[in-house]
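Read the structure below first, then the notes.
The values are calculated or read from the model by the stated rules, or taken from the named source; none is laboratory data. Predicted model, so just to flag it, every value in this text is computed and none were measured. Counting neighbours? That spans all protein chains shown, and the Cβs are built from the backbone with ideal geometry, glycine included.
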């Protein structure tokens, strides 16, 4: 019996089987092994993970974390490095899109600042590693919880009650567990939706990412790893994140496929040849949201349950992985000192570790979206002048690319520096 937690062996329950939750589970079991039980609960664990065709940018710091967890080699087989990036700013009807800013894709040596990988591929690798690490994977949800002194009793949807030292709510932006804990949520809508899809194209993207700033919002083209075909040829693919005014989205998605393809071509351009939708476009409303606290009694929020930001900088998943790295380190260090991993002072350390970073990223993405998602001429002139100046300042460009890679934080968790816990 542990005096710290009141249970025979400490257990941490993670509600939500997304990428941040899986990364946390793997990090904890890798560091603590049999000294800690980790149970993950999510009905989605029943599904084939490869069905999720969404794509994410894995920044260099997150890649170092996956390396420290000994799974990057498996992920790398399915990942496409971003070798350079081009930023343009124009109106949709402009005949020419001038390039205002370019970035080389390397941050240190030959290390790309980011890789693109599909959610399904990354989830599959994480699930396999979690099973091998003896994470208890339960394909059911968490119905609720009740704190009982030195433990919290977690009730699953099937009725089973699991005593735990800590419950981690990784159940998304509309977290029911966050609401049950009475944690407030500060949010506002952007009146925009993000249309995502995988696009097949004739020519090789050569690892280039493109961000077109348009009045309705940014249009991002993100390179994916080519797929080998039966005849030995390669299918060239990219992921798009098409930000559009919310009122325009229903008509776009309900239009004839050929008409939608015409609208895509107006934004994508024809530099990669003939285009085709490989996956059906899906739209997601965009908003900003942040929890008033990331912790409550024997509860910690993780990923979208703690924060939701605009996808303009492609940092949403990386913030969730940063959460996982920070929480895993704090719990591991506490347990090695014989402390209760769900105690208030331990969780306060997680709050302090993440609040500043998340607030700063929220402010930056909100400001960038407001700056670039408009067609006010004086604002366009000033921002284009600013982009042009940055393009002529190698030191500043290097800082921005390292910031996007997640490598500028001096007190980053050890996993994000590539160090094992």
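Let's see how each residue does on (1) closer than 30 Å to residue 299 by Cβ; (2) modelled with pLDDT of 95 or more:
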site	(1), (2)
327	yes, yes
340	yes, yes
343	yes, yes
354	yes, yes
362	yes, no
366	yes, no
385	no, no
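The set of residues in the stretch 88-118 being surrounded by fewer than 20 Cβ atoms within 10 Å (Cβ to Cβ), in contact with a strand residue (DSSP E or B) (Cβ under 8 Å, 6 or more places away or on another chain) and within 15 Å of residue 219 (Cβ to Cβ) consists of 90, 91, 92, 97, 99.
Applying the condition of being more than 20 Å from the chain's Cα centre (by Cα) and under 16 Å from residue 370 (Cα atoms) to the stretch 189-223 and asking which residue is surrounded by the most Cβ atoms within 10 Å (Cβ to Cβ) yields 213. On the basis of being part of a helix (DSSP H, G or I), at pLDDT 95 or above and surrounded by fewer than 23 Cβ atoms within 10 Å (Cβ to Cβ), does residue 264 make the cut? Yes; evaluated as a whole, the condition is true for this residue. Checking every residue in the stretch 41-55 against the condition of being in contact (Cβ under 8 Å) with a residue 60 or more places away in the chain, touching a helix residue (DSSP H, G or I) at 6+ places or on another chain (Cβ under 8 Å), buried (at least 20 other Cβ atoms within 10 Å of the Cβ) and closer than 30 Å to residue 383 by Cβ gives at least one match. The set of residues in the stretch 320-338 being touching a strand residue (DSSP E or B) at 6+ places or on another chain (Cβ under 7 Å) and surrounded by fewer than 24 Cβ atoms within 10 Å (Cβ to Cβ) is empty. Just one residue in the set 205, 212 is assigned to a strand (DSSP E or B) and either in contact with a helix residue (DSSP H, G or I) (Cβ under 6 Å, 6 or more places away or on another chain) or at negative phi (or both); that residue is 212. Considering only residues that are part of a helix (DSSP H, G or I) and over 23 Å from residue 325 (Cα atoms), look in the stretch 148-179 and name the one that is nearest to the chain's Cα centre (by Cα). Among those that are part of a helix (DSSP H, G or I) and over 23 Å from residue 325 (Cα atoms), it is 176. If you go through the stretch 76-87 and keep only what is in contact with a strand residue (DSSP E or B) (Cβ under 9 Å, 6 or more places away or on another chain) and surrounded by fewer than 21 Cβ atoms within 10 Å (Cβ to Cβ), you end up with 76, 78, 81, 83, 84, 86, 87.
Could you give every pair whose Cβ atoms fall below 6 Å, whose first residue belongs to the stretch 359-376 and is touching a residue at least 12 places away in the same chain (Cβ under 8 Å), and whose second residue is assigned to a helix (DSSP H, G or I), counting only separations of at least 6 or pairs across chains? If the second residue must be assigned to a helix (DSSP H, G or I), the pairs left are 365/312; 365/313; 368/312; 369/312; 371/383. Among strands (runs of 3 or more DSSP E) entirely within the stretch 66-147, having at least 1 residues that are over 21 Å from residue 271 (Cβ atoms) and in contact with a helix residue (DSSP H, G or I) (Cβ under 9 Å, 6 or more places away or on another chain) singles out 106-108, 114-118, 136-138.
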